[in-house]
Every structure is written in C-alpha cells, then in structure tokens.
Amino acid sequence: MSQYQDDIKAVAGLKDKEGSAWNAINPESAARMRAQNRFKTGLDIAKYTAKIMRQDMAAYDADPSQYTQSLGCWHGFIGQQKMISIKKHFNSTDRRYLYLSGWMIAALRSEFGPLPDQSMHEKTAVAGLIKELYTFLRQADARELGGLFRQLDAAEGAAKQAIQSQIDNHITHVVPIIADIDAGFGNAEATYLMAKQMIEAGACCIQIENQVSDEKQCGHQDGKVTVPHEDFLAKIRAVRYAFLELGVDDGLIVARTDSLGAGLTKQIAVTREPGDLGDLYNSFLDVEEVSTASMNNGDVVIKRGDKLLRPKRLPSNLFQFRSGTGEERCVLDCITSLQNGADLLWIETEKPHIAQIGGMVKEIRKVIPNAKLVYNNSPSFNWTLNFRQQMFDSMKAEGKDVAAYERSKLMSVEYDESELAKAADEKIRTFQADAAREAGIFHHLITLPTYHTAALSTDNLAKDYFGDQGMLGYVAGVQRKEIRQGIACVKHQNMSGSDIGDDHKEYFSGEAALKASGKDNTMNQF
C-alpha cells in the first residue's frame, strides 16, 4: 500500500476515534495535504539532502562522468523555476542541486542596498534565503501533486491507476543546496551559531573560505587576505559540531581556499616546532634576513634555525607571501582541510583552465586519493576570450598557422565563425565533463547566473516595450514564448498557489467555498 493510502487509512482511524465532532473531516483530503507537505522541518530536508549528496559522491568516485551541477539563486522563485524546468526537461532531479551565493545575497538581498561581496550584509539573510528556497520548492511539490489529485478525481479505470502511480512515485523538487557562509562572519563561535541557523533552515552542505572574516573580498577581486590553517580548521570544526548537535550526522563541509589569488596574511601563524602547520604557513612569507643590529623599532621577526627573518610588512599592517607560491599554498590548504573534517574542496581560480586545476588536484591526491572539488564556473571569467586564447596557444604549440588571429583581440565578433572559435566553443561545451574526468571536479556550479539572466532579459524587454514594439515587445518576447515552450508561469495565478488555496477552501468549507478558479478566471485562456 502506498504512503498516500496509508495516510488515508490513518486519518480515517483518527476520525472514527473522535466521533461526530470530526464528521466534516475527509480523510482523503487530509492525506492529500500530508502528501503535499512531505518535509515538515528544515532538519528533515537537511537529513534527506545530505544522504543524496553522499550517494552522489560515491557514484562519482566510481564513475567521474557522474558529476553534479547547480545554478546560483537569489530568490525562492528562481530556485523553484530551475527545478520545475529540470523536471520538465529531464523528468528527474538526479545530480542537480541549487547553489546559494553570498555574492548574490550581498548584491540583491541586503537592507543596505547593493553591496560588494565583503561580508557586510546581514548574516541572518543567508539562513533566510535557504528557508525561502525550500519554501518555494515545497510549494512546487504541493502545486504539482494538487494537479495530479484533480486528475485522479476526474479519471476512471486504468487511467486512475496510472495517476495514482505518479502520486505514489512523485519526484520531489527538494534538492541539496550548497550554501555559502563566506568566512564565517566572525570567530569560530559566530561561525557555529550561523551554521546552526543555516542547517535548521535546511542546508545539508556549507561552504566556508579561508579568508580573514573582516577583510573578506570576492574571490575574483584583489586584496584577499588568508588566515593561518589552525584558525580555519577551528571554523571547520565549528560547522561540524553544528551538524552533529542538530542530528545531521552526514552533513557536508566544502573547504574553500582563496590562496591562489591571495598574496597577504593578517597573522603570522603560531609554531611550536620546525615543520608543524604553523611553520609551514610561515614558510611562504616574503622575508629578508636581518641581524639584531639592523632591526628597526616595531619589527616583527621570525627565528628559523640560526637566522632571524623579517617578514615584509605593508603599511596596511598585513604581511606578504612570496610571489609564485599560490598553487603550493592551495595544495597545503586542501590537504589540511580534508585531514581535519572537510568533505569537499573549492579552489578559487582566476581562469577556467583544466591543466591548472588538475595539476593541483594531482598533488592533493598523492595524500588524499579520493579528494573531490566543487568548482566555480564563474561569470567573472570571460569564457569566450579565455578558451579562444587557450585554443590559440594550443594551435600554435602544435605548429598550426595562427597568422589570421590576433591573440589579444580574440573576443571580437569577426572571429565568431572561425575554426578557432568553433573549436574553443566545443571545449567550453565539454569543460564540465572534461574537468570532472581530468581534474577531480565532483560538482560544477555557476554562482551568479540569474543575476545576469535577469539583467539580460530585462534589457531586451525594455528595449522593445519602450521602443517601437510596444505591447508586442512583451507578447512576442515573453508571453508567446512561455506558451510555446510550456512554461508553467504563464498561468501565474496557479503558480502563486491559487489552485492550492481553492482545494483548501473546498476541504474547509465544502459547497460554501468561494473559489477563484471559476469560469471568469482569465487563466482559463491558457
């Protein structure tokens, strides 16, 4: 017997027990409401989705073609529409997640207005968006099941059984969210408290980076400052304790290193003996040998063996790493994080280059053989120019004639139909599969896609609507496409929950229900 039928039976038993006071309660209506609200709390969601991610990680270890993907979201509706579209086109949500970007919260969700990605936005906004995303995903379940229930009521015979099967085997829109906690918004205790809020809202996977919390910068901007490993590991442990306290025992932590582009540190690490973690961190500092006689007032010095070394100290009171040490520091960061409780890695890079990423992963896997990455397929990269330049360099190295191309101007539209551009586009198309196979990338995400799609679609609509196309700019550019492509939002009243509300009115008031979906509802035109 299905869960739906079990619930009908269970509520019927309760109704019998309560007697005449429950005469108006329809057990099937209550069972439908239960089915439409499968996940009762955020912790239910976190436990369910953590299990999915763990299974996907194991599948990837067995077969790297089974990588996972997600797109960033800044509103619950955006996340909902992504999953509705995925279900419509692929009839499955397998290996497709959502990503919650701190950048988009800062730029789009702060009461201060648009902010740069520097952890200045309200920290409670992160958990608030997680809760919002799952509210919209659960509503997508309720909407879809409500439609199936109405079909069930109208069907007969074999058709009824087929619809019942769809209800019993319903694929939920609820999927894992990889959620950005930035650098923890403070010390380890602040990180723990914020992680708890995020997990209670439904997060099964939290991504944390090794920048200094109060100096935090976007990973693709300059001026990044990292913390010594022990400080970062304390925050990883804080997130793990939050998961364990709340009973999400298989929750996941993504340890992000920004060391590739971060040439600065705020602190010299504590070291107790040569070769320990603090000593390794300090070994990357840009130093000069000094004597006691050549030391200046206020100098900070490190003793290494018989030598006194003065780290280069900037007017900002920050210390500088030696140039060219970024990849080596990234490898050490990643190994250390995995050895101390992280589950996945994130290496923030300045370009999408498989050989660069794969080279670091190869070194990490010498110590941690099953190391896996979450990778930011960032809109901060000029993908077209990067891959055309990579293709130019490859063709040149192979001895091919590249005289028809000017490397610095390969973004030009004049090259769009060229052999080089088409080969570069093919490399972009297969980048995720290639990187999953060759560079250990388990999860590919685009951080800010809907920030850009919203801007692009709005620009196109504004140009047409306020130009000479008038209303046709909307009808031809939006509504007609919605109808032709079967976009559910063309029936926006249904999408907002109007039909769900009508169902409830009927449950609660019977024949007296004042429903919105009558003959005069203009949504019937669709």
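Read-outs: derived from the displayed coordinates by stated rules, not from any lab. Please read all numbers here as calculations on a predicted model, not as lab measurements. Because the Cβ atoms are built from the backbone with ideal geometry, glycine has one as well, and the counts that use them run over all protein chains shown.
For the range 87-176, the extents of the C-alpha atoms along the principal axes are 60, 24, 17 Å, listed from largest to smallest. Taking GluC sites (Glu not before Pro) in DSSP loop states with no more than 11 other Cβ atoms inside 10 Å as exposed sites, the chain has its longest site-free stretch at 157-397. Remark: MET295, MET471 ranked as MET471, MET295, counting other beta-carbon atoms within 10 Å and listing the fewest first.
Expressed as a whole number of Å, what is the distance separating the alpha-carbon centroids of the range 350-414 and the range 91-159? Result: 33 Å between the Cα centres.
For the chain, what value does the Rg/Rh ratio take when both radii are computed over Cα atoms and Rh is the Kirkwood radius, given to two decimals?
1.04
Remark: the range 152-211 is approximated by an ellipsoid whose semi-axes, taken from the C-alpha gyration tensor as √(5λ), come to 45, 10, 6 Å, largest first. With viscosity 1.002 mPa s and temperature 20 °C, the Kirkwood radius over alpha carbon pairs of the range 338-449 converts through Stokes-Einstein to a diffusion coefficient of 140 µm²/s.
For ARG143, ARG34, the sequence from fewest to most other C-beta atoms within 10 Å is ARG34, ARG143. Remark on the range 404-513: hydrodynamic radius 19.3 angstrom, per the Kirkwood mean of 1/r across alpha carbon pairs.
Taking the Cβ of each residue in TYR474, TYR97 as the centre, tally the other Cβ atoms inside 10 Å and list the residues starting with the fewest.
On the way: TYR474 14, TYR97 24.
So the residues, fewest neighbours to most, are TYR474, TYR97.
The alpha carbon centroids of the range 60-84 and the range 500-522 are separated by 35 Å.
What is the extension gain from MET471 to LYS160, computed as 0.36 nm multiplied by their sequence separation minus the C-alpha to C-alpha distance, in nm to one decimal?
So the extension gain works out to 107.7 nm.
Can you give the Kirkwood hydrodynamic radius of the range 200-348 from its Cα pairs, in Å with one decimal? Kirkwood hydrodynamic radius for the range 200-348: 16.5 Å. Rounded to two decimals, the Cα-based Rg/Rh of the range 14-92, with Kirkwood Rh, is 1.17. Beta-bridge orientation, the chain: approximately 30 percent antiparallel, per DSSP, counting only bridges with both partners inside. Entry for the range 467-511 at q = 0.33 Å⁻¹: log10 I(q)/I(0) = -1.02, Debye formula applied to identical alpha-carbon scatterers, no solvent contribution. Between the listed residues THR450, HIS504, GLY470, the Cα displaced farthest toward the positive end of the dipole of the range 373-519, a dipole computed from Cβ unit charges relative to the Cα centre, is found at HIS504.
Across all Cα atoms of the range 340-405, the radius of gyration (one decimal) and Dmax (whole number) stand at 15.6, 52 Å. For the chain, the Cβ-based charge dipole about the Cα centre amounts to some 460 debye (Lys, Arg positive; Asp, Glu negative; other atoms uncharged).
Determine the alpha carbon to alpha carbon distance for each of LYS87/LYS491; LYS224/LYS266; LYS88/LYS505; LYS400/LYS422 and list only those over 20 Å.
On the way: LYS87/LYS491 18 Å; LYS224/LYS266 10 Å; LYS88/LYS505 29 Å; LYS400/LYS422 16 Å.
Flagged as over cut-off: LYS88/LYS505.
Cα convex hull of the range 156-272: mean projected area in nm², to one decimal? Mind dumping the intermediate values first?
Values: hull surface 42.5 nm².
Directional mean of the projected Cα hull area for the range 156-272 stands at 10.6 nm².
At the listed q of 0.11, 0.17, 0.18 Å⁻¹, the Debye profile of the range 298-365, built from one uniform point per Cα, gives log10 I(q)/I(0) equal to -0.43, -0.82, -0.86. Mean separation of Cα pairs under 8 Å and 6 or more residues apart, divided by the residue count, gives the chain a relative contact order of 15 percent.
If you average the sequence gap of Cα pairs under 8 Å that are 6 or more apart and divide by the length of the range 426-526, what percent do you get for the contact order? Before the final figure, lay out the partial values.
On the way: 44 pairs, mean separation 12.8, N = 101.
Answer for the range 426-526 is 13 percent.
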